[in-house]
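The values are calculated or read from the model by the stated rules, or taken from the named source; none is laboratory data. In this text, all values refer to a predicted model and were calculated from it rather than measured experimentally. Note: ideal-geometry Cβ built from the backbone for every residue, glycine included; neighbour counts use all protein chains shown.
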């Protein structure tokens, strides 16, 4: 059973709602109700925290392993590994920006709705990609358009 907290207007505040551990959004509910918003907010916050924690661990390891290998081949291998790791962290930094934007959309009551059509994004899509900003159909159309414009530039 979810525990509701209300604001001064009497409406439920999704960012303070405590959900049961087994709660999953369902198409049987009103789309983007308070429980669904709370669910996706928790999902986004946990995802962001795991990325930040991985980044902290990487930075700590980088400080410990300051490329002390005396052998040039070992050092080159380590530098390549760290280069890949740092590129991954950079991609994750950009992902954090997308997570933050999704959280802002939750507070602005725009989360879960396609930025192109305004239609609801399916719950399975949001479950798989909580930062989605378009319905699957709009995303596919966007990608086809991008591919065509990219092909036009290479001719």
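Check whether at least one residue in the range 32-48 is in contact with a strand residue (DSSP E or B) (Cβ under 8 Å, 6 or more places away or on another chain), surrounded by 10 or more Cβ atoms within 10 Å (Cβ to Cβ), in a strand (DSSP E or B) and at pLDDT 85 or above, and report yes or no. Among the residues of the range 32-48, not one is in contact with a strand residue (DSSP E or B) (Cβ under 8 Å, 6 or more places away or on another chain), surrounded by 10 or more Cβ atoms within 10 Å (Cβ to Cβ), in a strand (DSSP E or B) and at pLDDT 85 or above, which makes the answer no. Restricting attention to the range 123-138, the residues that are free of Cβ contacts under 8 Å to residues at least 24 places away in the same chain and more than 16 Å from the chain's Cα centre (by Cα) total 2. Residues considered: 110, 127. Of these, the only one that is outside any helix (DSSP H, G or I), surrounded by 13 or more Cβ atoms within 10 Å (Cβ to Cβ) and at pLDDT 95 or above is 110. With respect to the stated conditions, residue 87 fails to be modelled with pLDDT under 95, assigned to a helix (DSSP H, G or I) and closer than 30 Å to residue 15 by Cα.
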